[in-house]
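Engineer: This is the structure I have questions about; it appears just below.
The values are calculated or read from the model by the stated rules, or taken from the named source; none is laboratory data. Please read these numbers as outputs of a predicted model, since none were measured by experiment. Methodologically, a virtual Cβ is constructed for each residue, glycine included, from the backbone with ideal geometry; neighbour enumeration extends over all protein chains shown.
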Amino acid sequence: MTDPGADWASPSGGWQPPTYDPSYPQTPAPGPATSVPMAPPPAPSWQGWGPAWIPMPGVVPLRPLGVGELLDGGVKIIRKYPKPTLALSALIAVAVALINIAFSLAFQDARTISATSPSNDSSFSGYDLSSLPGMLLGGLGGVVLTGALVTVVSRAILGQSASFSDAWAATRPRFWALLGLALLRGVILAGPIVVVVLLGVLVSPLLLLLLLAVVPLEVWLWTVTTLAAAPLMLEKVGVLGALRRSRALAMRSFWRTLGVLCLCTVITYLLSSILLFPVILLFELPLFTNGSVTFGATYFVSVAVATGVVQTLVAPYTAGLRALVYIDQRMRSEGLDVALQAAASTPTSTAAPLT
C-alpha cells in the first residue's frame with residue numbers, strides 16, 4: 001500500500017449523498033405479513049419416545065399398568081367407592097363371624113395357659129376345628145366378593161358412578177354360578193393335597209417328599225384360577241369357561257401375575273396382623289402380669305368380631321386388585337386399552353367395553 005503523501009487532498013465540496021437513479025432496479029417493498037399454517041404434531045403414543053398423555057377418567061390410567069399402579073388402584077377403588085365395596089365385604093364378613101362364633105361356643109372349652117406350663121399343641125385343636133367352617137365360608141365369600149366388585153371396578157376405571165344396588169343387580173343373576181366357581185376352585189386346590197395326605201398315610205416315609213413335590217403344583221393352580229370370577233361376570237361365560245379364560249390370561253404373563261398376587265397376599269396379611277395384634281395382646285396381658293391367662297368364650301367372640309372387622313377392610317382390596325389384574329392382562333394382550341380410551345371419549349358411554 002502506497003502513501004498518498006502530500007499531494008493527496010480531500011474532494012472539493014465534501015461528502016455528497018447518492019442521487020436517485022430511476023433506471024437502477026429497486027427491491028420491491030414487503031407486502032402484508034401472512035401466517036403460514038403449521039402441520040399438527042403426530043398423535044402421542046404411550047409406546048413412543050418420551051412421556052405422552054394418557055386419559056385417566058377413573059382410578060387408573062387407560063393403558064397397561066405397572067405393579068405400583070395395580071397396588072395403588074386397589075386402594076383408590078375403596079376410597080372412591082366406599083359404600084358398595086365395604087357394604088358387600090361387611091355382609092360376607094358378618095356371616096363368617098357369626099359362623100365362627102357359633103362353632104367356637106359350641107365346640108370350644110375354656111383353656112388356661114400359664115407362663116411356667118405352656119399349653120401343648122392340642123390345647124387349641126378344638127378352636128382350630130371349630131374355625132374351619134368359617135374359613136371355608138370365607139373362601140367362598142372371597143370369590144363371590146371378587147365377582148361382585150368386578151362390576152364396580154369396570155365402572156371405576158372410566159370414572160362412572162357405582163352403587164351397592166348396581167353391584168348387587170349385576171351379581172344376583174350370576175350368584176349361583178359364582179358359588180359353583182368357588183366350590184369347584186376349592187376342590188381343584190384341595191384335591192392334590194388330599195391325594196398327597198392319603199398317599200402319605202399309606203407310605204409315610206414319602207410324605208415329606210410328596211408335600212414338597214405338590215407345592216409347585218398348588219402355586220400354579222392358585223395363580224391360574226385366581227382371575228376366574230372376572231370373566232364369569234363380565235364375559236358371561238360358564239364356570240368351566242371362566243376357569244379356562246383365567247388360565248389363558250394368567251399364562252400370558254405367569255410370573256408377573258404370580259408376583260402381583262403374592263405382593264397382595266403379603267400386604268393384606270401384614271395389615272390383618274397389625275390390626276388384630278391389639279385385640280390378642282389385650283387378652284394375653286394377664287399372662288405377663290399374673291403368670292396365667294384363661295381363653296374362654298369372651299376371647300373367641302372378640303377375636304371373631306375383630307377378624308370380621310379386619311376382613312371388611314382388607315377383603316375389598318384383594319378383590320379389587322384381582323379385577324384390576326384381569327383388566328390389565330386384557331389391555332396387554334387384547335388391546336382393551338384402545339376400547340377403553342374410545343369409551344372414555346364418548347360421554348354417552350355407560351359401561352366399560354369389557355365383554
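Engineer: Can Ile274 be described as at pLDDT 85 or above and either assigned to a helix (DSSP H, G or I) or not basic (Lys, Arg) (or both)?
Structural biologist: yes
Engineer: Filtering the range 209-246 down to residues that are touching a Phe, Trp or Tyr at 6+ places or on another chain (Cβ under 7 Å) and aliphatic (A, V, I, L, M), which residue is surrounded by the most Cβ atoms within 10 Å (Cβ to Cβ)?
Structural biologist: Ala230
Engineer: Shifting gears a bit: Does the range 289-309 include one or more residues that are at pLDDT 85 or above and closer than 30 Å to Pro64 by Cα?
Structural biologist: Scanning the range 289-309, I find no residue that is at pLDDT 85 or above and closer than 30 Å to Pro64 by Cα, so the answer is no.
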